[in-house]
Amino acid sequence: MWHGRAVTVAMSVAVVAAFALSTERTYTQSGYGPNDAPNPYKFDYGWAKLPKGRTWGAVVGVAIDRDGKSVWTFDRCETADDCSKSTLDPIMKFDSSGKLAKSFGGGMFNYPHGLHIDRDDNVWVTDGRAKDNGKGHTVMKFDQDGKLLMTLGKPGVAGATQDTFNAPSDVLVAPNGDIFVADGHGGNTNNRIVKFTKDGKYIKEWGRKGSGPGEFDTPHRLAMDSAGRLFVADRSNNRIQVFDQDGKYLLEWKQFGRPSGLFIDKNDILYVADNSPDELNPPYKSGIRIGSVKDGIVKAFILESVEVNGLEAVAVDDAGNVYGGYTNTLNFRRWVPKRVAQR
């Protein structure tokens, strides 16, 4: 359905560029097919410079530093799914030119997963598996230099109590300091959101396995908009669920595909990484769908090829550059707005 009026939704630079390049009309949620929205970005090959001899593992976490231009990554130590025997640093920070600025965390993780930078520039990560080494099933908070400040969960212990996790997938810190953990990663793990105070004291939880409102099947990522609503990538249910901070169910969206990664920028633009290389949610293809949290309308789509798949994480800097982390193909990519790229 077409509307003959100029776009008025406040979008990021790149999405506005997409409208200008394609049309000056807005769309309803059904205005584009699942894979048909325009792509306003150009792939920026080789932006991140790894140390000599270092290769990417599965880049499962990507986040933006509070300076708005530095980028943090969390990878699996040159492997697809295991850091337990590695001394490589899985947490890395790159400056705006793609140069490695710092790294830490070697030998501390089994299965890197969630990554979040809070308002005080602390680095939060999740370790989603245990082995016989006293590590895993934890949420960890570091300062910018890699000093461990807090650990939630009991290292190496899987559980569903107030002080244990089973395969925590992601963590998010609200503006007031409350901590939200997406606890569970499929199989015989948890399917809940757990809320803590800024000091790590348990407040409440909600969710169980299922497909109804407030139920989950792999709560994979978290994001929060400017209104304080909590967005959950309910991946195996092929939907995003939205809650208030007390766990009240508000709505769900399926038009963004099968969500593995979520990011909401300062303009309330939602970026969703869809990891669908095996077509688990046909006809949706793998890529990054982009729209406003105000209306849920998908207005742009970075389509991925079948050769580069496993798109797991997404983040966007203040200049509108988009970053994607990959698991299946052990990769990290950046896209720049086409108008910027053409200058």
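The values are calculated or read from the model by the stated rules, or taken from the named source; none is laboratory data. In this text, all values refer to a predicted model and were calculated from it rather than measured experimentally. Using ideal geometry, Cβ is built from the backbone for each residue, glycine included, and neighbour counts are taken over all protein chains shown.
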**Prompt:** What residue, among those in region 260-281 that are acidic (Asp, Glu) and under 20 Å from residue 320 (Cα atoms), is surrounded by the most Cβ atoms within 10 Å (Cβ to Cβ)?
**Reply:** 274
**Request:** Kindly establish whether residue 241 is farther than 14 Å from residue 114 by Cβ, in contact (Cβ under 8 Å) with a residue 60 or more places away in the chain and either out of contact with any helix residue (DSSP H, G or I) (no Cβ under 9 Å at 6 or more places or on another chain) or part of a strand (DSSP E or B) (or both).
**Result:** no
**Request:** Find the residue count for region 127-179, including only residues that are under 29 Å from residue 100 (Cβ atoms) and of a type in the set (Asp, Glu).
**Result:** 4
**Prompt:** List, please: which pairs have Cβ atoms under 6 Å, are six or more places apart or on different chains, and start with a residue in region 296-312 that is over 18 Å from residue 235 (Cα atoms) and assigned to a strand (DSSP E or B) and end with one that is modelled with pLDDT of 90 or more and of a type in the set (Val, Ile, Thr)?
**Reply:** 300/290; 302/288
**Complete:** In region 239-259, residues that are out of contact with any Pro (no Cβ under 8 Å at 6 or more places or on another chain), within 15 Å of residue 217 (Cβ to Cβ) and surrounded by fewer than 21 Cβ atoms within 10 Å (Cβ to Cβ) total 1
**Prompt:** For region 253-295, what are the residues that are assigned to a strand (DSSP E or B) and small (Gly, Ala, Ser)?
**Reply:** 260, 261, 273, 287, 291, 292
**Prompt:** Just wondering, is there one or more residues in region 150-165 that are without any contact (Cβ under 8 Å) to a residue 40 or more places away in the chain, surrounded by 14 or more Cβ atoms within 10 Å (Cβ to Cβ) and closer than 20 Å to residue 313 by Cβ?
**Reply:** yes
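Every residue in region 181-195 that is in contact (Cβ under 8 Å) with a residue 60 or more places away in the chain and in a strand (DSSP E or B), please.
182
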**Test for residue 318: is it on the phi < 0 side of the Ramachandran plot and touching a Phe, Trp or Tyr at 6+ places or on another chain (Cβ under 9 Å)** = no
**Request:** Output the residue which, of all residues in region 290-311 that are touching a Gly at 6+ places or on another chain (Cβ under 6 Å) and at pLDDT 95 or above, is surrounded by the most Cβ atoms within 10 Å (Cβ to Cβ).
**Result:** 301
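Could you please find all residues in region 196-215 being within 11 Å of residue 252 (Cβ to Cβ) and either in a strand (DSSP E or B) or without any contact (Cβ under 8 Å) to a residue 12 or more places away in the chain (or both)? Please lay out each step first, then the result.
Start the filter on region 196-215 by keeping residues that are within 11 Å of residue 252 (Cβ to Cβ), which leaves 211-215.
Once the filter is applied, which keeps residues that are within 11 Å of residue 252 (Cβ to Cβ) and either in a strand (DSSP E or B) or without any contact (Cβ under 8 Å) to a residue 12 or more places away in the chain (or both), region 196-215 yields only 212.
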